[in-house]
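Peer 1: Next up is a structure, given as structure tokens.
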Amino acid sequence: MNYIELLDKKPDLVTPGTSACQGCPAELSLRATLKVLGENTIMCIPPGCMAGAGCVGWNFDSGLKVPVHITLLDNTAAVLTGINEAHGRDVTVAAFAGDGATSDCGFQSLSATAERGENVIYICYDNEGYMNTGFQRSGSTTKGSMTSTTPVGEVGKGKEQQKKDLPLIMAMHNPAYLATLSPSHMSDFVKKMEKAKSIKDGFVYLHIFSPCPTGWGFDGAKSIEVARKAVETNIFPLYEVDHGEYKLTVPNKNPKPVSELFGMMKKFRHVSEQGIQDVQNYVDKKYKTLQALVGQE
Amino acid sequence: MGKTIAITGNTAAALGAALSRPKVIAAYPITPQSSVVEYAASMIADGQLQSSMVQVESEHSAMSVVQGAAMAGARTFTATSAQGLALMYEPYFRMSTLRLPMVMAVAGREMTAPETIWSGHQDTISVRDAGWIQIYVEDNQEALDMIIQGYKLAEDKDVLIPVNICYDGFYISHLYEGVNIPEQSEVDAYLPPYKQEHVILDPEKPMAVDPMTPGNLVMKYRKSHLDAMQRAFAVLDKADKDFGDQFGRYYGGTVEEYKCDDADIVLITMGAMSGTAKAAVDEKRAQGVKVGLLKIRMMRPFPKQQVAKVLADKKAYAVIDKNVVFGWNTGAVYMETQAALNQLGYKIASLPVIGGLGGADISLEHMTNVIEKLEKMNKGDDEQECYWLED
């Protein structure tokens with residue numbers, strides 16, 4: 001079954017009636033994720049957009065059609081571990097967590113779970129901040145971004161630090177499988193999710209780029225376009241690490257300048273040319289690192 | 001019958017846990033609890049214990065792992081002390097309020113600062129209102145036995161609340177005593193496998209565990225939890241009786257009375273200091289003083305009826321607390337005893353005492369000094385200034 005058939009035919013395990021914002025690619029990604037992972041899955045979702053949208057159960061109106069638990073913001077990976085250790089039979093144990101819960105307060109628990117090689121799937125949807133509570137900055141927010149805790153004013157010019165590179169940090173934990181995914185590249189997305197589901201010998205980390213129309217300031221109709229631009233500019237390269245083998249799954253021979261992505265949304269509107277260049281340099285260096293890991297120097 | 005061997009309190013706790021057959025253990029080492037983790041790991045390494053043991057990176061994750069395992073229906077165990085308990089407070093509160101039964105051993109340690117690693121009750125006392133049942137024990141045998149009984153209590157369908165078995169760091173955790181180790185078959189007969197029904201993460205029975213909950217339901221859940229706490233008294237009494245019938249050791253359930261029947265004055269203690277208090281009672285009894293000891297075994301829920309029943313006709317009592325209540329110049333057990341007697345309409349002369357903080361010694365002389373102070377008090381005396389057991 002190709003990915004279009006799969007997304008068309010497999011049952012949608014997220015109920016209708018969730019209250020995610022218009023054009024939210026995180027909800028889209030969650031629905032696609034569960035179509036692949038299937039009914040024999042236990043899902044953990046920490047506080048964040050997908051919990052707030054009612055995917056953990058809300059007023060008896062919405063939720064998932066698989067067992068789901070809202071973990072604490074900082075213990076998702078540890079809870080996955082416990083569920084996995086307790087289950088005597090073959091069950092897919094997975095998390096769908098935002099970048100705040102993943103890169104910031106949940107990182108200790110995540111790092112240890114990866115180090116122990118627990119056979120669970122940890123999925124991060126990265127919308128670059130605490131979007132559910134009004135767009136506070138996270139470690140995963142891109143430099144220059146205006147957020148509610150890095151506001152722009154006479155002195156402040158948005159987030160001062162570069163984005164924490166979670167996928168590469170997690171790759172250094174030697175997981176059984178790791179991949180970056182984008183809702184703009186669904187064939188690649190589904191392939192990686194299927195591979196993740198098949199892994200039986202260790203930890204799996206998946207990182208999904210998830211542009212946020214509400215927080216970032218762009219038209220919800222353009223979510224996929226923004227996600228694609230992030231891939232095309234190398235802001236979010238698509239790759240995988242399968243048992244230590246690095247591979248660029250969507251090679252990008254002629255990357256577009258990051259300024260093309262910056263121009264698509266309000267959160268970067270104030271960023272100076274120098275600010276854009278800082279991010280361009282960071283993205284270029286990161287991509288070189290990735291190419292070296294892939295063996296394409 | 002089992003066999004009797006000389007072991008530390010930590011080994012007793014680990015053996016009590018192992019005999020209870022937990023499916024998942026997750027723990028992080030901390031002084032003075034570390035050898036519980038080490039002993040459990042060695043039993044697994046030697047093939048004597050069939051549990052999954054997760055070597056977590058923190059106590060926060062230890063409690064989170066066992067919460068995940070408990071939601072999937074497993075019997076679980078962990079152990080900690082002081083700073084570890086403080087770090088796990090967030091999932092600790094959630095474990096109890098999800099009504100997930102388990103047993104956690106706590107080798108009691110003073111809270112930092114000042115920087116300390118030694119004995120105290122401040123760690124567990126500071127979290128006494130996080131929804132767990134808390135039981136304090138006096139010696140190594142009681143530590144082992146109460147871990148087994150703890151599962152019986154926690155998993156009772158009338159209770160479904162996790163249980164802390166609290167034993168004094170070093171005074172029990174590191175002290176060698178003769179301990180009878182029951183046969184596995186006897187423990188199996190007392191403690192059958194647990195089948196969880198109210199909360200379960202299983203694809204064959206999809207359930208949203210702990211969805212967003214509106215205030216009116218939170219009110220219902222809290223009331224139900226508090227009601228279950230009150231049912232725990234009777235369940236512990238039954239667990240104690242059944243245990244005694246099976247193993248020959250009865251502990252008295254929520255409290256232990258020592259020479260209280262004809263006593264005029266009573267010492268109230270909790271944990272390891274109770275042994276010293278019993279010796280002091282014996283010494284003063286030999287001098288003709290009618291003194292008894294009331295050992296609080298269950299601190300949460302607080303057995304107010306049982307405490308009041310013992311104290312009702314007494315002239316005076318003293319509570320020796322190995323913890324403090326900031327904001328009151330006393331310890332917690334004194335406050336709770338006062339509240340219980342006041343609510344039930346008794347007015348008895350009382351003396352708050354604080355001692356043993358951060359491993360400070362509580363000597364026989366301290367105990368006899370307290371008894372002598374009580375002797376001088378008259379029925380109806382107002383409470384005295386807190387008496388600190390200093391050098």
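Peer 1: Does any residue in segment B:34-50 that is free of Cβ contacts under 8 Å to residues at least 40 places away in the same chain and under 10 Å from residue B:13 (Cβ atoms) come within less than 7 Å, Cβ to Cβ, of a residue that is assigned to a loop (DSSP other than H, G, I, E, B) and open to solvent by less than 50 Å² (accessible area, probe 1.4 Å) six or more places away or on a different chain, and which pairs are these?
Peer 2: B:40/B:49
Peer 1: I'm told residue B:334 meets every condition in (1) surrounded by fewer than 18 Cβ atoms within 10 Å (Cβ to Cβ); (2) at pLDDT 95 or above; (3) closer than 28 Å to residue B:127 by Cα except one. Can you identify the failing condition by its number?
Peer 2: So residue B:334 meets the others, but not (1).
Peer 1: Considering only segment A:117-156, state which residues are touching a residue at least 60 places away in the same chain (Cβ under 8 Å), more than 21 Å from residue A:25 (Cβ to Cβ) and in contact with an Asp or Glu (Cβ under 9 Å, 6 or more places away or on another chain).
Peer 2: A:117, A:118, A:119, A:143, A:144
Peer 1: Open to solvent by less than 20 Å² (accessible area, probe 1.4 Å), over 14 Å from residue B:102 (Cβ atoms), more than 14 Å from every other protein chain (Cβ to nearest Cβ) and assigned to a loop (DSSP other than H, G, I, E, B) - does that describe any residue in segment B:176-191?
Peer 2: There is at least one residue in segment B:176-191 that is open to solvent by less than 20 Å² (accessible area, probe 1.4 Å), over 14 Å from residue B:102 (Cβ atoms), more than 14 Å from every other protein chain (Cβ to nearest Cβ) and assigned to a loop (DSSP other than H, G, I, E, B).
Peer 1: Please work out which residue is nearest to residue B:62 (Cα to Cα), limiting yourself to segment B:1-17 and to residues that are aliphatic (A, V, I, L, M) and surrounded by fewer than 23 Cβ atoms within 10 Å (Cβ to Cβ).
Peer 2: B:7
Peer 1: Another question, if that's okay. Would you point out the residue of segment B:311-329, among those that are out of contact with any His (no Cβ under 9 Å at 6 or more places or on another chain) and open to solvent by less than 10 Å² (accessible area, probe 1.4 Å), that is nearest to residue B:125 (Cα to Cα)?
Peer 2: For segment B:311-329, the residue satisfying everything is B:319.
Peer 1: Using the structure shown, decide if residue B:219 is within 14 Å of chain A (Cβ to nearest Cβ) and over 19 Å from the mean Cα position of the chain (by Cα).
Peer 2: Judged against the criteria, residue B:219 is not a match.
Residue by residue, here is whether (1) under 14 Å from residue B:315 (Cα atoms); (2) touching a strand residue (DSSP E or B) at 6+ places or on another chain (Cβ under 8 Å); (3) open to solvent by less than 20 Å² (accessible area, probe 1.4 Å); (4) in the same structural domain as residue B:116 (by TED's automatic domain parsing) holds:
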{"residue": "B:348", "(1), (2), (3), (4)": "yes, yes, yes, no"}
{"residue": "B:354", "(1), (2), (3), (4)": "no, yes, yes, no"}
{"residue": "B:357", "(1), (2), (3), (4)": "no, no, no, no"}
{"residue": "B:360", "(1), (2), (3), (4)": "no, no, no, no"}
{"residue": "B:367", "(1), (2), (3), (4)": "no, yes, yes, no"}
{"residue": "B:375", "(1), (2), (3), (4)": "yes, yes, no, no"}
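Peer 1: Give the residues of segment B:267-292 that are within 21 Å of the chain's Cα centre (by Cα) and crowded, with 24+ Cβ neighbours inside 10 Å, sorted by residue number.
Peer 2: B:267, B:268, B:269, B:270, B:271, B:272, B:273, B:274, B:277
Peer 1: Right, something else. Tally the residues that are of a type in the set (A, V, I, L, M, F, W, C) and closer than 23 Å to residue A:279 by Cβ, restricting the search to segment A:153-190.
Peer 2: The total comes to 8.
Peer 1: A follow-up question, please. Which one of these does residue A:274 not meet: (1) without any contact (Cβ under 8 Å) to a residue 60 or more places away in the chain; (2) assigned to a helix (DSSP H, G or I); (3) surrounded by 16 or more Cβ atoms within 10 Å (Cβ to Cβ)?
Peer 2: (3)
Peer 1: Related question: Determine whether residue B:158 is in the same structural domain as residue B:50 (by TED's automatic domain parsing), open to solvent by 20 Å² or more (accessible area, probe 1.4 Å), over 28 Å from residue A:85 (Cα atoms) and under 20 Å from the mean Cα position of the chain (by Cα).
Peer 2: no
Peer 1: Exactly one condition in (1) in contact with a Phe, Trp or Tyr (Cβ under 9 Å, 6 or more places away or on another chain); (2) of a type in the set (A, V, I, L, M, F, W, C); (3) part of a helix (DSSP H, G or I) is not met by residue A:283; state its number.
Peer 2: That leaves (1) as the condition not met.
Peer 1: Got at least one residue in segment B:209-227 being at pLDDT 95 or above, loosely packed, with under 11 Cβ neighbours inside 10 Å and in a loop (DSSP other than H, G, I, E, B)?
Peer 2: no
Peer 1: Let me ask another. Pick from segment A:103-156 the residues that are crowded, with 21+ Cβ neighbours inside 10 Å and on the phi > 0 side of the Ramachandran plot: which of them is farthest from the chain's Cα centre (by Cα)?
Peer 2: A:144
Peer 1: Now, a different point. All but one of (1) modelled with pLDDT of 95 or more; (2) in contact with a strand residue (DSSP E or B) (Cβ under 6 Å, 6 or more places away or on another chain) hold for residue B:381; state the number of the condition that does not hold.
Peer 2: Of (1) modelled with pLDDT of 95 or more; (2) in contact with a strand residue (DSSP E or B) (Cβ under 6 Å, 6 or more places away or on another chain), only one is false for residue B:381: (1).
Peer 1: Which count do you get for residues in segment B:82-120 that are of a type in the set (S, T, N, Q), more than 25 Å from residue A:71 (Cβ to Cβ) and either open to solvent by less than 10 Å² (accessible area, probe 1.4 Å) or free of Cβ contacts under 8 Å to residues at least 12 places away in the same chain (or both)?
Peer 2: So the count comes out to 1.
Peer 1: Would you mind finding the one in A:109, A:103 that is touching a residue at least 60 places away in the same chain (Cβ under 8 Å), among the hydroxyl-bearing types (Ser, Thr, Tyr) and either in a helix (DSSP H, G or I) or facing chain B (nearest Cβ under 8 Å) (or both)?
Peer 2: A:103
The values are calculated or read from the model by the stated rules, or taken from the named source; none is laboratory data. Remember, predicted model here, so these are calculated numbers, not experimental data. A quick note on method: Cβ atoms are made from the backbone with ideal geometry, for glycine too, and the neighbour counts reach across all protein chains shown. When the accessible area is computed, the model is the full protein with side chains, heavy atoms only, and any ligands, DNA or RNA have been set aside. Shrake-Rupley method; radii C 1.70, N 1.55, O 1.52, S 1.80 Å.
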